[in-house]
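What follows is one structure encoded as structure tokens, with my remarks underneath.
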There are 2 protein chains.
Amino acid sequence: MRILLVEDDAEVARFVKKGLQEAGHVVEHAANGRDGLFLAASEQFDLLVLDRMLPGGVDGVRLVETLRSQGSRTPVLFLSALSAVDERVRGLKAGGDDYLVKPFAFAELLARVEALGRRPATDAPTTKLRVADLELDLLSRTVTRGGKRVEVQPREFRLLEHLMRHAGQVVTRTMLLEKVWDYHFDPQTNVIDVHVSRLRQKLDKGFDKPLIHTVRNAGYMIRAD
Amino acid sequence: MRILLVEDDAEVARFVKKGLQEAGHVVEHAANGRDGLFLAASEQFDLLVLDRMLPGGVDGVRLVETLRSQGSRTPVLFLSALSAVDERVRGLKAGGDDYLVKPFAFAELLARVEALGRRPATDAPTTKLRVADLELDLLSRTVTRGGKRVEVQPREFRLLEHLMRHAGQVVTRTMLLEKVWDYHFDPQTNVIDVHVSRLRQKLDKGFDKPLIHTVRNAGYMIRAD
DNA sequence: GAGCCACGATGCGCATCCTGCTGGTCGAGG
DNA sequence: CCTCGACCAGCAGGATGCGCATCGTGGCTC
């Protein structure tokens, strides 16, 4: 399970991150709301664990509201020292799915994390992938960047889908050949380069922030960076 | 929202039921685990609010485990006087989605109820259409009849999708031309007949129950009949 | 029962579209 | 400065989807 932890208290962050990793989850950490929002918007997570109060203008509630307004449905678990009922209600109203008061027992955090992670896996097979302002709709087989429709060929679609499903991670040529082309050997040509190039023309041209990045001698990566 | 409340304490039950109803929900109440399980298994609810400890053999945890083992995914919120971390973890591990310790503020219960109810309602844009044993998966653009994959061309797929979205209703040729072909005139040919014919060959051949029915001088209709 | 009309099946050809390769260029890194 | 990997424009082969024409069939009407 890919979890994004947004927590400014380094001590708490280390403790939570370590525990979740030991439970077999992949954890990204952001120390403030701005970075958290950026990561949440650009990569795909199964769950967000947010401190309710964060430095830097963007606090937890604000972060969730922003994400929800962009159509994101990723479950959110709030952590907070604010234990008043009103505060808890506010967090849930903003779009949070759960609210845990500090100090908490790690076992309970873990149980709640897994309770939340359980849901989306079962219902709702992901129908949209998103990286920054790039959106791929599995249902309509449609791609939009910045809200504008982009025409994409079938193979390009598969390629993009695969990149987006691994947003923020390097995808090797071999993986692409296997998963997108069903080749189990090296075709000794530059098929991949060509298709990546075509995708770039359609997705990145006209935008100053390129999303598809080359990782020399390794492969490609899609990211909002 | 249809909510099932399973709570043996009459006082608490009355209080919770009233509050939820005032918030616009429909509430069924069961006073013990046995009745609760029966109701939960026989009717459709959007959420279960369960007391953790119940009289009559079937307690909250047991109830959830039973439901989950039957494949039910209805969200569950536990209420309990047992506040120990271990107890809370047990409840969540059993398949609960949230856990609220008594005594609680009603505002918080309501917020959590609505947080739980939010998810399934909002996501899940229909991804599958079904008529009898015929299934069309919008996500994978795949058609199966009786569990067996059927290969279908794009245009045929659109045609079938349109028929299935109006299952049980007659679909006129004009409608089909408009919606499936984007024609706004009569092509004076038998395009439709041809495609319906092809669909039939793929879907109905080899099954004794045809699904696609001709309605003379009107159009076509898909139906399990 | 004959004729008519709506619908059903099949084969073919066209056109479009997609895809992968070639070959030359660019640029980063050593 | 050199080399190797990556990038891109153009091209051509190929598959495939699609619609039309034609012929066949079955039901409704008179």
Strands (runs of 3 or more DSSP E) contained in the range A:128-225 and holding at least 1 residues within 15 Å of DNA strand D (Cβ to nearest atom) and within 14 Å of another protein chain (Cβ to nearest Cβ): none
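Among the residues of the range B:198-207, are any at pLDDT 85 or above and away from DNA strand C (no atom under 16 Å from the Cβ)?
Keep residues of the range B:198-207 that are at pLDDT 85 or above, which gives B:198-203.
Remaining after also requiring away from DNA strand C (no atom under 16 Å from the Cβ): none.
Within the range B:198-207, none of the residues are at pLDDT 85 or above and away from DNA strand C (no atom under 16 Å from the Cβ).
Tally up the residues in the range B:86-114 that are over 25 Å from the mean Cα position of the chain (by Cα) and either closer than 20 Å to residue A:90 by Cβ or exposed (fewer than 15 other Cβ atoms within 10 Å of the Cβ) (or both), please. Steps first, answer last, please.
Here is the first cut: in the range B:86-114, the residues over 25 Å from the mean Cα position of the chain (by Cα) are B:86-90, B:100-108.
Going one step further and asking which of them are either closer than 20 Å to residue A:90 by Cβ or exposed (fewer than 15 other Cβ atoms within 10 Å of the Cβ) (or both), we end up with B:86, B:100-108.
Within the range B:86-114, residues that are over 25 Å from the mean Cα position of the chain (by Cα) and either closer than 20 Å to residue A:90 by Cβ or exposed (fewer than 15 other Cβ atoms within 10 Å of the Cβ) (or both) number 10.
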Quick check on the range B:177-187. Is at least one of its residues out of contact with any Gly (no Cβ under 9 Å at 6 or more places or on another chain) and within 12 Å of DNA strand C (Cβ to nearest atom)? yes
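Out of the residues in the range A:27-46 that are outside any helix (DSSP H, G or I) and touching an Asp or Glu at 6+ places or on another chain (Cβ under 9 Å), state the one that is nearest to residue A:221 (Cα to Cα). Write out each step before concluding.
Initial filter on the range A:27-46 (outside any helix (DSSP H, G or I)): A:27-32, A:43-46.
Filter again for touching an Asp or Glu at 6+ places or on another chain (Cβ under 9 Å), leaving A:28-32, A:43, A:45.
Values: A:28: 17, A:29: 19, A:30: 20, A:31: 24, A:32: 24, A:43: 11, A:45: 16 Å.
Once the filter is applied, the top-ranked residue is A:43.
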Any residue in the range B:95-117 that's more than 19 Å from residue B:82 (Cα to Cα): show its pairings with residues that are open to solvent by 30 Å² or more (accessible area, probe 1.4 Å) and part of a loop (DSSP other than H, G, I, E, B) at Cβ separation under 7 Å, as long as the two are six or more apart or on different chains. B:110/B:23; B:117/B:1; B:117/B:46
Restricting the range B:151-168 to residues that are over 22 Å from the mean Cα position of the chain (by Cα) and loosely packed, with under 14 Cβ neighbours inside 10 Å, the residue that is farthest from residue B:200 (Cα to Cα): B:154
Of all residues in the range B:69-85 being without any contact (Cβ under 8 Å) to a residue 24 or more places away in the chain and more than 10 Å from chain A (Cβ to nearest Cβ), the one that is nearest to the chain's Cα centre (by Cα): B:69
Within the range B:43-50, is there a residue that is at pLDDT 90 or above and touching a Ser or Thr at 6+ places or on another chain (Cβ under 8 Å)? yes
For the range A:149-167, give me each residue that is charged (D, E, K, R) and within 9 Å of DNA strand C (Cβ to nearest atom). A:151, A:155, A:156, A:158
Kindly establish whether residue A:172 is modelled with pLDDT of 90 or more, open to solvent by 30 Å² or more (accessible area, probe 1.4 Å) and out of contact with any helix residue (DSSP H, G or I) (no Cβ under 9 Å at 6 or more places or on another chain). yes
Considering residues of the range A:44-74 that are open to solvent by 10 Å² or more (accessible area, probe 1.4 Å) and hydrophobic (A, V, I, L, M, F, W, C) only, the residue farthest from residue A:162 (Cα to Cα): A:53
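Find the residue count for the range A:75-84, including only residues that are surrounded by fewer than 15 Cβ atoms within 10 Å (Cβ to Cβ) and either among the β-branched types (Val, Ile, Thr) or closer than 19 Å to residue A:8 by Cα (or both). Lay out the reasoning, then the answer.
Applying the first criterion (surrounded by fewer than 15 Cβ atoms within 10 Å (Cβ to Cβ)) to the range A:75-84 yields A:81, A:83-84.
Narrowing further to those that are either among the β-branched types (Val, Ile, Thr) or closer than 19 Å to residue A:8 by Cα (or both): A:81, A:83.
Qualifying residue count for the region: 2.
Does residue A:18 meet the test of being more than 24 Å from residue A:166 (Cβ to Cβ), away from every other protein chain (no Cβ under 13 Å), open to solvent by 40 Å² or more (accessible area, probe 1.4 Å) and touching a Ser or Thr at 6+ places or on another chain (Cβ under 7 Å)? Explain how you work it out, then say what you get.
Details: more than 24 Å from residue A:166 (Cβ to Cβ): yes; away from every other protein chain (no Cβ under 13 Å): yes; open to solvent by 40 Å² or more (accessible area, probe 1.4 Å): yes; touching a Ser or Thr at 6+ places or on another chain (Cβ under 7 Å): no.
No; evaluated as a whole, the condition is false for this residue.
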Checking the structure you have, find out if any residue of the range B:131-140 is over 30 Å from residue A:47 (Cβ atoms) and surrounded by fewer than 13 Cβ atoms within 10 Å (Cβ to Cβ). no
List the number of the failed condition for residue A:70; all other conditions in (1) farther than 30 Å from residue B:84 by Cβ; (2) touching a strand residue (DSSP E or B) at 6+ places or on another chain (Cβ under 6 Å); (3) not basic (Lys, Arg) hold. (2)
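The values are calculated or read from the model by the stated rules, or taken from the named source; none is laboratory data. What you see is a predicted model; the values in this text were computed from it and never measured. Reconstructed Cβ throughout: ideal geometry from the backbone, glycine too, with neighbour counts over all protein chains shown. Each accessible area value is taken on the protein alone, full model and side chains, heavy atoms only, with ligands, DNA and RNA left out. Shrake-Rupley method; radii C 1.70, N 1.55, O 1.52, S 1.80 Å.
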